[in-house]
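What follows is calculated from the coordinates using simple rules that are stated; it is not laboratory data. Only a predicted model underlies this, so the values are computations on that prediction, with no experimental measurement involved. Cβ: placed from backbone, ideal geometry, glycine included. Neighbour counts: every protein chain shown.
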Amino acid sequence: MARQRARVRRIVLTAEDLTAAEEGPGTQLSLDSEREARLRIELALDRLNARWGHPVVRPAAAYRNVS
């Protein structure tokens, strides 16, 4: 018996009672959890660097091994 994966073909989003962006704070909806995690990490890095000086903390990918 072969296992088959169901494919998502369509996602429907319904929005009601919308207001203009100028009328209050809004939150952008994201369906990419990895991107959201990266954005939260960037905010934490910015706060650390603002407090202790730039660049105290950087992403590991920013470091190079110089040998």
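Points to keep in mind about this one:
- The length gained by stretching the chain between Leu48 and Asp32 to full extension, at 0.36 nm per residue less their Cα-Cα distance, is 3.3 nm.
- Derived scalar couplings between HN and Hα for segment 49-57 equal 5, 5, 7, 10, x, 8, x, 5, 10 Hz in order, rounded to whole Hz, by the Karplus curve 6.51 cos²θ - 1.76 cosθ + 1.60 (θ = phi - 60°), x for Gly and Pro.
- Efficiency of FRET between Arg9 and Ala62 - r from beta-carbon atoms, R0 35 angstrom, step 0.05: 0.35
- Where only C-alpha atoms are counted, convex hull volume of segment 11-67 per residue in Å³: 129
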